[in-house]
Amino acid sequence: MKRKLTAMLIAICMMVFGLAACGGSAEENDANGTADATAITFVLDWTPNTNHTGIYVADALGYFDEAGLKVEIVQPPDDGAEAMVASGQAQFGVSFQDYLVPALAGPEKTMPITAVAAILQHNISGIMSAKEKGIDSPKKMEGHSYATWELPIEQAIIKRCVEAEGGDFSSIEMLPETIDDEVTALKSDQVDCIWVYYGWAGINAEIKDFAINYFAFKDIDPAFDYYSPVIIANDAFLADNPDTAKAFLAAVAKGYEYAIENPEEAAEILIDANPEIDADLVKASQNYLADQYQAEAAQWGVFDAERWNGFYEFINKEGLAEQEIPMDVGFTNDYLPEK
């Protein structure tokens, strides 16, 4: 599910044209009576799944309508949600803290995007493998094949986890693969180990009764308890339309709060909006994520600065960004509803 990070560079060129095309602010349009509702484009990071449920709930239950918003949910282009939001073609979208590295490196941000809400409070990604392989810890990846997206940050995380247990990272066979069905790939021995998001791929293994081993990156190193995924916003839109941004996130927060309290009903809303997805997987995943959206945080969506900075300290130390990423850059809690 990872994309080449170089695609983000396209956004720099697109930004000038996209921002120019935006015209007056959304709040100005409403004040001038040019629209009954403020139009918002929200771009996903991938095909619809339970990471996105709160957005679909807010749409289906009229939370956006109540906020005076007309929200269009769109699929990401080839160059990614980040490029679309940076260009102003979408005001909000879904990204991941590790995807934002190229946008934040250096004394000045290279892309005009900011993370404004954490969809999940903790990173639930890690390594999944068939139970019979016995790969129940990073060190035991030695001598096995791993499906890689060939991304430096991805491989650096794997390396840190393996070496933290005294393992030999160089002994892992890196297979450049994009796996869409992790269970099938593991069953067929296409690969031994896969980076997965447990709330989707791990749950899929459970409902298919496929025995697995799984370990989470955050359990190996606290630096890897970063925010994945997040909602990002266009900086110019935030500056010009702060009230609209707050209204949007208040509606979204209500959507995720509904999904926390009513996972079965929320699952049905997501399925109704996207009938092509696996209904059994959505329902099981939704029950799992109900405890993950907010977890122990005081409210849905809030960022912890220490955890945000901790991940970028790892990035800086390993030299994984073109320039050092400053601390406390790239995220804000300012647009979340006050509690």
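Where a number appears in this text, it was derived from the coordinates with a stated rule and is not lab data. All values derive from a computational prediction rather than experimental measurement. Cβ: placed from backbone, ideal geometry, glycine included. Neighbour counts: every protein chain shown.
So is Leu336 buried (at least 20 other Cβ atoms within 10 Å of the Cβ) and closer than 17 Å to Thr53 by Cβ or not? So Leu336 does not fit the description; no.
Taking into account only those residues within region 147-166 that are of a type outside the set (A, V, I, L, M, F, W, C), in contact with a helix residue (DSSP H, G or I) (Cβ under 7 Å, 6 or more places away or on another chain) and closer than 22 Å to Gly202 by Cβ, which is surrounded by the fewest Cβ atoms within 10 Å (Cβ to Cβ)? Among residues in region 147-166 that are of a type outside the set (A, V, I, L, M, F, W, C), in contact with a helix residue (DSSP H, G or I) (Cβ under 7 Å, 6 or more places away or on another chain) and closer than 22 Å to Gly202 by Cβ, the one surrounded by the fewest Cβ atoms within 10 Å (Cβ to Cβ) is Glu165. Is it the case that Ile260 is β-branched (Val, Ile, Thr) and touching a helix residue (DSSP H, G or I) at 6+ places or on another chain (Cβ under 7 Å)? So Ile260 fails the test.
Scanning region 64-81 turns up at least one residue that is more than 16 Å from the chain's Cα centre (by Cα), crowded, with 19+ Cβ neighbours inside 10 Å and of a type in the set (Phe, Trp, Tyr).
If you take the residues in region 224-245 that are out of contact with any Asp or Glu (no Cβ under 8 Å at 6 or more places or on another chain) and not in a helix (DSSP H, G or I), which one is surrounded by the fewest Cβ atoms within 10 Å (Cβ to Cβ)? Among those residues, the one meeting the criterion is Asp225. Mind checking which pairs have a first residue in region 144-160 that is in contact (Cβ under 8 Å) with a residue 12 or more places away in the chain and a second that is among the charged types (D, E, K, R) and in a helix (DSSP H, G or I), Cβ under 6 Å, 6 or more apart or different chains? Close Cβ pairs (under 6 Å, with a partner that is among the charged types (D, E, K, R) and in a helix (DSSP H, G or I)) amount to Ile153/Asp98. Inspection of region 210-223 identifies no residue that is exposed (fewer than 14 other Cβ atoms within 10 Å of the Cβ) and free of Cβ contacts under 8 Å to residues at least 24 places away in the same chain. Scan region 125-142 and tell me whether some residue there is within 13 Å of the chain's Cα centre (by Cα) and buried (at least 23 other Cβ atoms within 10 Å of the Cβ). Yes: region 125-142 contains one or more residues that are within 13 Å of the chain's Cα centre (by Cα) and buried (at least 23 other Cβ atoms within 10 Å of the Cβ).
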